[in-house]
Amino acid sequence: MLVLGLETSCDETAAAVVARDADGRGRILSNVVLSQVEAHAAFGGVVPEVAARAHVEAIDGVVRAALTEAGVALSAVDAVAATAGPGLIGGVLVGLTTAKALAFAAGKPLVAVNHLEGHALTARLTDGVAFPYLLLLVSGGHTQIVRVDGVGRYRRLGTTIDDALGEAFDKTAKLLGLGYPGGPAVERAAAAGDPSRFALPRPMTGRKAPDFSFSGLKTAVRLEAEAAAPLGPKDVADLCAAFQAAVGDVVADRVGIALRAFRADAADVQPVLVVAGGVAANRSIAARLRGLADREGARLIVPPLALCTDNGAMIAWAGAERLALGLHDDLAAPARARWPLDGDTAPVVGHGRLGAKV
Ligand code: KG4
Ligand code: ZN
């Protein structure tokens with residue numbers, strides 16, 4: 001089975017062709033990602049209207065490149081999949097409408113994919129992981145812990161009640177004058193810093209439900225930065241190191257709670273923890289998760305970074321998994337700015353950032 005997948009929900013215009021063999025194994029035939037990061041850098045974050053226009057300009061060429069690189073004609077694919085949400089609605093509309101047009105023109109089924117499902121199922125493409133497993137999704141727009149029981153079967157165990165973790169990195173970088181995207185800049189600066197000079201809070205640690213909150217931590221960084229101003233490179237490095245240490249403690253505590261709950265529910269299987277999202281690139285957080293997995297006897301899977309961040313292959317793969325179960329959508333499938341993976345989960349108080357990056 002061959003699936004073409006399109007992803008346009010944030011600031012990457014991406015398309016890929018993925019094969020799913022009869023035994024359920026996946027292969028990536030092409031994975032083209034065009035980042036808009038330069039277009040948004042001047043604004044210090046993703047500007048929805050700028051993103052939508054850039055997607056319109058790039059999508060045809062990106063799709064053509066994905067098909068050419070895969071050596072596959074549009075007539076040879078079994079379905080066209082696209083992110084239908086959640087995300088910045090202008091961008092989602094560009095990718096979904098393009099996919100509808102391609103599917104209609106080529107007479108192929110359309111699969112409208114939830115972007116989060118793309119992240120959730122990637123480890124089955126890269127590592128053939130069996131259900132159930134635990135997913136930690138930490139990106140610029142999402143911070144969630146999800147139990148993945150099957151295709152379309154998700155239970156959200158925890159989420160952020162305010163900022164996403166990547167967003168907290170980006171805002172911290174901005175207030176310390178480190179530029180965008182902030183995660184890599186904060187990690188670089190932290191390498192030379194002393195994590196113990198500033199005492200920062202560890203929000204939500206010790207609570208029973210594995211939820212997150214990062215806006216207070218960001219405010220604490222701002223207050224320390226204002227007290228230490230004017231900031232020299234050493235101050236910035238120490239603040240970044242303290243921030244990263246606090247985040248590491250929070251992530252280890254929250255994921256630890258979820259892992260233990262997961263194990264209590266499924267005592268007969270070794271717990272598997274899958275990490276996705278751009279923040280997975282952070283070596284200090286990855287090391288904390290590795291330590292936690294070792295302590296808890298869990299298997300940790302971190303897909304290659306190019307598949308942790310937004311890409312078309314994860315959408316094509318989710319499309320293939322759905323199609324293999326006979327699931328596809330008609331051409332009236334709506335684009336959705338909001339689309340929780342777990343429809344049964346009540347929204348967490350405080351969660352509701354309109355226009356947020358996904
Ligand atoms: O998954 P992603 O590429 O895009 C979405 O947000 O969907 O994630 C981007 C986020 C940004 O907030 C960026 O600052 C963060 O991931 N990030 C990092 C690192 N590299 C990227 N955060 C911490 N440390 C990093 N090394
Ligand atoms: Zn994403």
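The values are calculated or read from the model by the stated rules, or taken from the named source; none is laboratory data. Everything quoted here is computed from the prediction, not taken from an experiment. For neighbour counting, all protein chains shown are included, and Cβ atoms are generated from backbone atoms with ideal geometry for every residue, glycine included. Areas reflect the complete protein model, heavy atoms only, side chains present, ligands, DNA and RNA absent. Shrake-Rupley method; radii C 1.70, N 1.55, O 1.52, S 1.80 Å.
May I ask what percent, to the nearest 5, of DSSP beta bridges between residues of segment 131-302 are antiparallel? Walk me through the numbers before you get to the answer.
Values: 12 of 20 bridges.
Of all bridge pairs located within segment 131-302, approximately 60 percent are antiparallel.
When only DSSP loop residues count, what chymotrypsin sites (Phe, Trp or Tyr not before Pro) in segment 72-159 have their Cβ near at most 10 other Cβ atoms within 10 Å?
Numbers: sites: Phe104, Tyr133, Tyr154; in loops: none.
Sites meeting the loop and neighbour criteria: none at all.
Can you pull the percent of Cα pairs in segment 161-236 with separation above 21 Å?
On the way: 723 of 2850 pairs.
Roughly 25 percent, once rounded to a whole number.
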Tensor-based shape of segment 1-153 (alpha-carbon gyration tensor, a/c under 1.5 rounded, otherwise prolate or oblate): oblate
Calculated FRET efficiency for the pair Asp268/Asp60, C-beta based, R₀ 45 Å, to 0.05: 0.35
Under the Debye formula (equal points on every Cα, no solvent term), log10 I(q)/I(0) of segment 60-121 at q = 0.16, 0.20, 0.26 Å⁻¹: -0.53, -0.82, -1.17
The chain - percent of accessible surface contributed by carbon and sulfur, probe 1.4 Å: 55
Signed unit charges on C-beta, dipole axis of segment 131-302, positive-most listed residue Ala225, Gly297, Gly141: Gly297
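Placing +1 at every Lys and Arg Cβ and -1 at every Asp and Glu Cβ, with all other atoms neutral, what dipole size does segment 131-302 have around its Cα centre, in debye to the nearest 20?
Details: 22 positive and 18 negative charges, 71 e Å.
Approximately 340 debye in magnitude.
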The chain, accessible area per residue, ligands and nucleic acids excluded (1.4 Å, Å²): 40
Neighbourhood charge, 12 Å Cβ-Cβ cut-off, centred on Asp127 and excluding it, Lys, Arg +1 and Asp, Glu -1: +3
Centroid-to-centroid separation of segment 170-249 and segment 251-302 [C-alpha atoms, Å]: 23
Full-extension gain in nm, Ala39 to Phe104, via 0.36 nm per residue minus C-alpha separation: 20.2 nm
Mean Cα-pair separation over length for the chain, i.e. relative contact order, pairs under 8 Å, 6 or more apart, %: 25
For the chain, the spread of Cα positions along each principal axis, largest first, Å: 63, 51, 34
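At 222 nm, what value in deg cm²/dmol follows for the chain if DSSP H runs of at least 4 each add -39500 (n - 2.57) and the sum is divided by all its residues, to the nearest 500?
On the way: 11 runs with 157 residues, N = 358.
It comes out at -14000 deg cm²/dmol, rounded to the nearest 500.
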